[in-house]
1. Let me check something: with ligands and nucleic acids excluded, how do S42, S111 order by accessible area (1.4 Å probe), largest to smallest?
2. Going from most exposed to least, what order do R153, R15 have by accessible area with a 1.4 Å probe?
3. Using the heavy atoms of the protein chains and a 1.4 angstrom probe, tell me the accessible area per residue for the chain in square angstrom.
4. Working out 0.36 nm times the residue gap between V110 and A60, then minus their Cα-Cα distance, what length gain in nm do you get to one decimal?
5. Find the relative contact order for the range 51-158 and round it to a whole percent, using C-alpha pairs within less than 8 Å whose residues are 6+ positions apart.
6. When Lys and Arg each count +1 and Asp and Glu each count -1, what net charge do the other residues less than 14 Å away from F134, Cβ to Cβ, add up to?
7. Keeping the other protein chains in place, figure out the carbon and sulfur percent of the accessible area of the range 1-139, with a 1.4 Å probe.
8. Consider all pairwise Cα distances in the chain and report the whole-number % of them above 19 Å.
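The values are calculated or read from the model by the stated rules, or taken from the named source; none is laboratory data. Keep in mind that this is a model prediction, so the values were computed, not measured. We place every Cβ from the backbone using ideal geometry, glycine too, and count neighbours over all the protein chains shown. Calculation scope for accessible area: heavy atoms of the full protein, side chains included, ligands and nucleic acids excluded. Shrake-Rupley method; radii C 1.70, N 1.55, O 1.52, S 1.80 Å.
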Amino acid sequence: MSQPDPSARTGIDPRSPRFGAGITAVLLLIDLFLSLVGAATSAAVLLLVIALLFAWGAFAGIRRHPYGVLFRAVIRPRLTPPTEFEDPAPPTFAQAVGLFVTGVGLVLYVSGVPLALPIAVALAFAAAFLNSVFGYCLGCQLYLLLVRARLIRRRAQA
């Protein structure tokens with residue numbers, strides 16, 4: 001019988017969201033390229049897939065996101081244990097922010113605003129890049145700002 005994952009009680013490995021952001025940044029960079037070279041339909045389909053992945057993270061939680069599962073199964077066993085864990089609420093909220101940005105871009109694109117697609121992709125790419133390379137999560141910072149302003153309530157750790 002396997003031992004339960006200790007992060008299930010105390011939080012998530014902070015390297016997991018960065019890993020997922022790296023994959024997302026690569027997909028968004030490909031999407032940006034497609035949207036700029038005139039393959040707008042392919043770019044829209046890829047952005048829809050990315051938006052669905054953001055929805056998965058936002059509604060199922062960061063722990064159940066495919067990138068989080070991949071990290072725990074394949075990457076984390078090869079790394080030293082994390083020195084600390086982090087609250088999963090801010091990265092989960094960041095997934096919702098990513099869903100909002102990509103969703104608005106898709107809706108505007110389908111509504112006849114062709115530049116909405118590359119603009120939404122570029123904004124999402126910038127956020128994913130900052131998180132994956134520098135560990136600076138814009139959605140997490142927005143979450144903390146909204147909690148401090150008492151516009152949203154801090155969610156208890158799962």
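1. On the way: S42 65, S111 85 Å².
In descending accessible area the options line up as S111, S42.
2. In descending accessible area the options line up as R153, R15.
3. 58
4. 15.3 nm
5. Numbers: 96 pairs, mean separation 30.6, N = 108.
For the range 51-158, the relative contact order is 28 percent.
6. With Lys, Arg at +1 and Asp, Glu at -1, the neighbours total +2.
7. 73
8. Numbers: 6691 of 12403 pairs.
That tail contains 54 percent of the Cα-Cα pairs.
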